[in-house]
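The values are calculated or read from the model by the stated rules, or taken from the named source; none is laboratory data. The model shown is predicted, which means the values in this text are computed figures rather than measured ones. Here the Cβ is made from the backbone with ideal geometry for all residues, glycine too, and neighbour counts use every protein chain on show. The protein model used for the area step is the full one, side chains on, heavy atoms only, and it has no ligands, DNA or RNA in it. Shrake-Rupley method; radii C 1.70, N 1.55, O 1.52, S 1.80 Å.
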Amino acid sequence: MIEIKYYGRLIRNKEDLSDEEIKTIQKGVIKNEKGRWHCIQCESTVSEDYYTYYSEPLQKEITYCRQCLQLGRMDTHSDVCITKTKHVSSQATYQLDFELSAQQTYASENIIRAIKAKENLLLYAVTGAGKTEMMFAGIQYARQQGYNVAIVSPRVDVVVEISIRIAEAFASEDIDVLYQGQSQKYNGHFVVATIHQLYRFKQHFDVIFIDEVDAFPLSMDPLLQHTLECASSITSSHIYMTATPSRKLRSQFKNENIITLPARYHRQPLPVPHYKYLKFKPDKLQISLLQILKKQISSNRYTLVFFNHIEAMKQAFEVYRKHIPDLIYVHSEDALRFDKVTALREGCHPIVFTTTILERGFTMSHLDVIVLNSQDFKTAALVQIAGRTGRKIQDTKGLVLYLHNGVSLSMMHAKYQFKQMNRIGIEKGWLDA
């Protein structure tokens, strides 16, 4: 049985430790130098995140943090420990069944450069560029130096998918996969996790890869962004990866540390979206939409149909389930969503109604996407949705159909991005024209 080592960790119970050195012992919630409550776990100093009550058994007031309560209660009564970090090198041998493309090699070399220089790097990479494989050499270099490495994403679905691919490639490494319901099994030197799990680590990671950095909730939560800093060692490197970086994100990097990757690993152009007018009515059967969906089935294609509202999706499901065999729907609050996605991968459902829960981290061949009311979606969502198609080498083309009630600027910007990336890819010689 492997003994778990909690290095660079916040620990609520000292009995969980073996020979790890303790750096500090303090209350979970303290007053900072400005007189504000400060949570040792999530680092929040927002007064609304705290609640104070009087404890009759203890005969005193207790204040606790509500922001990170699901990860373990932090309060003014209970002590917590922070352990010292530790650096242990490994060979980090990995298996890659193909040679990296010229673009992937270029990105890989820049990742190693940034890690050596302890700088931050932004990979502005189209969906399907092969970002996971670009990380491998950088991970190997970092682990051979004894650096603690984390690969994180805001989305559980993305973490699950990446962790499978990382574990297959680095088969001899002890990799901790951390998200809600999954706890640490090894020593925390090599971690794949959701962003929230980094609340538990303090000045531990020397290299952090942040995939889908623009995804909710990371893009909307400054506290989560601060968490990356608190979990990092004093000199560290952050490698940010996304297909849709905001202007604000890009402004945080020197030009030479923004690496644009316009091509997919298979060297084929990105599918460019098509527009088609449809005034969608979720509670009515629309023959034109039904014909599109039936044509998809007869063409032996799998199709994700994206909705921007759960209730509209459920309404439409009740209407179209009578006409489309094996139709299902999936959304973030769906308890069976992982089972449904597995069934989709196995070919059980040619048509799936979905919210943006599947706009990221989902890959399969012979897949097309249709967006209903696409004029209501933001550019980043439209780009990510379109990026589900044409990712596999055995199926490099795909249908991207924006059904709309009037073309929006977001739709135009999304289409422009795909055309621009294809143009840059050809100019650089990374695409087969």
Among (1) closer than 17 Å to Q417 by Cβ; (2) out of contact with any Lys or Arg (no Cβ under 6 Å at 6 or more places or on another chain); (3) at pLDDT below 95; (4) not small (G, A, S) - the single one K248 does not satisfy: (1)
Options V156, V177; residue that is in contact with a Ser or Thr (Cβ under 7 Å, 6 or more places away or on another chain), open to solvent by 10 Å² or more (accessible area, probe 1.4 Å) and modelled with pLDDT of 95 or more: V177
Looking only at segment 93-106, and only at residues there that are of a type in the set (S, T, N, Q), in contact (Cβ under 8 Å) with a residue 12 or more places away in the chain and out of contact with any helix residue (DSSP H, G or I) (no Cβ under 7 Å at 6 or more places or on another chain), the one that is surrounded by the fewest Cβ atoms within 10 Å (Cβ to Cβ): T93
Residue in segment 54-64 that is open to solvent by 30 Å² or more (accessible area, probe 1.4 Å), touching a Gly at 6+ places or on another chain (Cβ under 9 Å) and not β-branched (V, I, T) present: yes
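Somewhere in segment 165-176, is a residue among the aliphatic types (A, V, I, L, M), touching a helix residue (DSSP H, G or I) at 6+ places or on another chain (Cβ under 9 Å) and more than 20 Å from L121 (Cβ to Cβ)?
Within segment 165-176, one or more residues are among the aliphatic types (A, V, I, L, M), touching a helix residue (DSSP H, G or I) at 6+ places or on another chain (Cβ under 9 Å) and more than 20 Å from L121 (Cβ to Cβ).
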Selection status of F190, aromatic (F, W, Y), in contact with a Phe, Trp or Tyr (Cβ under 8 Å, 6 or more places away or on another chain) and at pLDDT 95 or above: yes
Complete set of residues in segment 382-433 that are within 18 Å of F362 (Cα to Cα) and charged (D, E, K, R): R388, R391, K392, D395, K397
Any hit, segment 40-47, residues being over 29 Å from the mean Cα position of the chain (by Cα), of a type in the set (V, I, T) and open to solvent by less than 20 Å² (accessible area, probe 1.4 Å): no
Lone unmet requirement of (1) crowded, with 21+ Cβ neighbours inside 10 Å; (2) closer than 27 Å to S288 by Cβ for R391: (2)
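Looking only at residues in segment 295-324 that are assigned to a loop (DSSP other than H, G, I, E, B) and either in contact with a helix residue (DSSP H, G or I) (Cβ under 8 Å, 6 or more places away or on another chain) or closer than 18 Å to E359 by Cβ (or both), which one is most open to solvent (accessible area, probe 1.4 Å)?
It comes out as H309.
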Scan of segment 107-125 for residues that are more than 15 Å from I208 (Cβ to Cβ) and crowded, with 23+ Cβ neighbours inside 10 Å, ordered by number: A107, A125
Single unsatisfied condition, N32 versus (1) in contact with a Ser or Thr (Cβ under 8 Å, 6 or more places away or on another chain); (2) open to solvent by 50 Å² or more (accessible area, probe 1.4 Å): (2)
G128 being more than 30 Å from A414 (Cα to Cα) and open to solvent by less than 30 Å² (accessible area, probe 1.4 Å): no
Failed item in (1) open to solvent by 20 Å² or more (accessible area, probe 1.4 Å); (2) in contact with a Phe, Trp or Tyr (Cβ under 7 Å, 6 or more places away or on another chain), with A169 passing the rest: (1)
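Applying the selection to segment 267-294, what residues are in a helix (DSSP H, G or I) and either open to solvent by 70 Å² or more (accessible area, probe 1.4 Å) or in contact with a strand residue (DSSP E or B) (Cβ under 8 Å, 6 or more places away or on another chain) (or both)? Quick ask: steps written out before the conclusion?
Residues of segment 267-294 that are in a helix (DSSP H, G or I), as a first pass: 287-294.
I287, L289, Q291, I292, L293, K294 - these are the residues of segment 267-294 that are in a helix (DSSP H, G or I) and either open to solvent by 70 Å² or more (accessible area, probe 1.4 Å) or in contact with a strand residue (DSSP E or B) (Cβ under 8 Å, 6 or more places away or on another chain) (or both).
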Where L69 falls short, out of the listed (1) among the hydrophobic types (A, V, I, L, M, F, W, C); (2) touching a residue at least 12 places away in the same chain (Cβ under 8 Å); (3) under 26 Å from N13 (Cβ atoms); (4) out of contact with any Ser or Thr (no Cβ under 8 Å at 6 or more places or on another chain): (2)
Selected residue (criterion: nearest to the chain's Cα centre (by Cα)) from residues of segment 48-76 that are closer than 27 Å to N187 by Cα and of a type in the set (A, V, I, L, M): L71
Of all residues making up segment 81-119, the number that are in a loop (DSSP other than H, G, I, E, B) and farther than 30 Å from E20 by Cα: 7
Test: residue in segment 361-371 that is outside any loop (DSSP other than H, G, I, E, B) and surrounded by fewer than 20 Cβ atoms within 10 Å (Cβ to Cβ): no
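Residue under question is K314, and the condition is that it be closer than 23 Å to T389 by Cα and at pLDDT 95 or above; does it hold?
Values: closer than 23 Å to T389 by Cα: no; at pLDDT 95 or above: yes.
Considered against the rule, which asks whether it is closer than 23 Å to T389 by Cα and at pLDDT 95 or above, K314 comes out as no.
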